[in-house]
1. Please compute the net charge surrounding Arg389, taking Lys and Arg as +1 and Asp and Glu as -1 over other residues with Cβ under 9 Å from its Cβ.
2. Along the Cα-to-Cβ line of Leu446, 7 Å from the Cα, sits a label point; which residues in region 56-80 have backbone N less than 12 Å from it?
3. Step through the residues of region 11-16 one at a time and calculate ³J(HN,Hα) from phi using the Karplus curve (6.51 cos²θ - 1.76 cosθ + 1.60, θ = phi - 60°), rounding each to whole Hz and writing x for Gly and Pro.
4. Could you tally the net charge around Leu46, taking each other residue with its Cβ under 15 Å from the Cβ of Leu46, Lys/Arg +1 and Asp/Glu -1?
5. Per the Debye formula with a single identical scatterer at each Cα and no solvent contribution, what log10 I(q)/I(0) holds for region 213-335 at q = 0.15, 0.21, 0.23 Å⁻¹?
6. Roughly how tilted is helix 162-172, in degrees to the nearest 10 and between 0 and 90, from the longest Cα axis of the chain?
7. In whole Hz, with x marking every Gly and Pro, tabulate ³J(HN,Hα) for region 342-351 from phi via Karplus 6.51 cos²θ - 1.76 cosθ + 1.60, θ = phi - 60°.
8. Write down the accessible area per residue of the chain in Å², having rolled a 1.4 Å probe over the full set of protein chains.
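The values are calculated or read from the model by the stated rules, or taken from the named source; none is laboratory data. None of the values given here were measured: they were computed from a predicted structure. All Cβ positions, glycine included, derive from the backbone under ideal geometry; neighbour counts span all protein chains shown. Remember, those area values only see protein heavy atoms, side chains included, never the ligands or the DNA or RNA. Shrake-Rupley method; radii C 1.70, N 1.55, O 1.52, S 1.80 Å.
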Amino acid sequence: MKYKTIIEPFRIKAVEPIKHTTREQRAAAIQAAGYNVFLLKAEDVLIDLLTDSGTGAMSSQQWAGMMRGDESYAGARSFFEFESAVRDITGFKHVIPTHQGRAAERILFSNIAKSGDIVPNNTHFDTTRANVEHQGATALDVPIPEGRQPQLFHKFKGNIDLGRLELIIQENVERIPLVMITVTNNSGGGQPVSMENIRQASAICRRFGIPIFLDACRFAENSWFIKLREEGYSDKTPFEIAQEMFSYVDGCTMSAKKDGMSNIGGFLALNDDALSQKCKNTLIMTEGFPTYGGLAGYDLEAIAIGIRESLEEDYLRYRIRSVEYLGKILTNEGVPIVHPPGGHAIYIDALGMLPHIPQSQYPAWALSLALYLEGGIRSVEIGSVMFGRQPDGSEKPSAMELVRLAFPRRVYTQSHVDYLAEVICYVNAIRHDIRGVEIVQAPAVLRHFSAQFRYNIFFTS
Ligand SMILES: Cc1ncc(COP(=O)(O)O)c(C=O)c1O
């Protein structure tokens with residue numbers, strides 16, 4: 001290409017103001033929120049990188065599609081639009097809409113897994129793990145060893161460990177109802193999985209007669225990484241790459257809040273007739289009739305259009321480049337991050353940045369507070385607050401202390417990213433002033449959502 005600047009591949013038609021606040025106002029807001037960013041009012045946040053899930057901007061085509069939504073209870077035209085978009089990409093025979101990804105997981109696992117089973121996955125997302133464990137089964141993470149080393153560069157750090165997978169299957173074949181691969185690997189840093197890895201994992205599963213599914217939330221981003229990084233794919237379109245990925249598996253769960261480019265929705269898609277019938281029965285009991293599954297007709301339209309848009313090359317180029325652009329500035333400025341940057345997020349290594357804060361004082365949590373205080377940025381801790389509490393109530397430090405900055409789709413522009421970089425570099429420069437936090441009140445499970453903290457706000461000159 002003649003010009004190297006990658007621009008946002010859209011014009012802005014509707015704008016949503018964001019509110020500037022002073023450091024003093026933010027100090028008061030975060031104190032009122034018990035020093036927990038989940039408890040902030042969103043309007044007190046300048047740049048919201050809490051999650052990329054359901055937070056994206058829809059296109060004019062999607063909004064137009066929503067006006068065409070058919071709200072018939074059964075057999076709505078919008079369902080067939082949705083089904084055909086999902087089928088074109090995935091090739092699966094049965095497409096079951098759900099209100100979001102975790103509902104698809106619940107329906108799948110309640111029909112396929114039982115107590116004593118084992119479900120291997122490159123890395124389970126927390127709702128996937130919870131749904132497996134809810135059946136009394138074991139959710140087993142089988143990432144490649146490189147996936148657990150933040151500073152190490154690997155083109156496909158999200159890969160499943162094929163050697164270990166085969167061994168686990170050999171030893172437990174009767175107890176494995178299915179194998180899953182999460183693309184991209186969210187809990188492992190938004191890292192991609194190679195086509196070769198999916199192909200080989202599929203071959204292993206087929207040899208043992210075990211179904212293999214994708215957790216496909218970020219299938220479009222994964223397709224783009226394959227195009228950029230895997231030999232033999234540079235001339236293929238993301239659409240063709242996605243089709244090939246799905247051709248090696250028997251089904252998928254999907255949160256349409258990610259690469260469905262929609263604010264709500266999801267689906268379960270699969271080939272097995274008998275399993276699909278069972279899943280539809282559960283769907284009717286808990287989500288809705290199979291042609292709407294907990295969604296409005298207009299949501300189905302938005303997903304049908306959005307899921308195709310997620311595979312557009314200009315969009316994917318801009319999307320992955322925005323994350324990489326921030327990663328590059330931070331790396332040049334000496335901010336420790338997980339390498340290489342993932343598809344939807346940058347992960348700052350808080351242990352590397354704040355070695356003076358012991359893990360018992362939650363350095364990643366403290367860093368996320370500093371980012372809010374200094375620049376109005378909301379991020380999320382993925383460290384010992386989220387994972388440290390053990391089922392028996394004891395504390396165990398998390399393997400990593402990360403702060404995730406997840407990019408909503410099509411929401412922020414390059415100047416927002418430049419601002420982010422400036423704030424993060426400033427926080428890095430004053431890192432010695434940042435102090436740890438103490439939990440004063442927390443629920444027994446999923447404490448990060450509602451725990452209250454004690455924090456001595458630091459003063460900078
Ligand atoms: C990899 C992965 N799987 C499943 C889910 C669950 O999707 P939902 O939030 O729509 O229930 C998420 C959500 O963040 C995810 O990242």
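1. On the way: positive: Lys396, Arg447; negative: Glu395.
Once all neighbours under 9 Å are counted, the net charge is +1.
2. none
3. So the Karplus estimates, Gly and Pro as x, are 9, 9, 9, 10, 10, 10 Hz.
4. Numbers: positive: Lys19, Arg23, Arg26, Lys41, Arg378; negative: Glu16, Glu24, Glu43, Asp44, Asp48, Glu374, Asp418, Glu422.
So the environment of Leu46 carries a net charge of -3.
5. Taken in order of the listed q values, log10 I(q)/I(0) reads -0.79, -1.21, -1.33.
6. The two axes meet at around 60 degrees.
7. Here the 3J(HN,Hα) series is x, x, 10, 7, 9, 10, 8, 8, 5, 5 Hz.
8. Details: 19520 Å² over 461 residues.
Accessible surface, normalised per residue, equals 42 Å².
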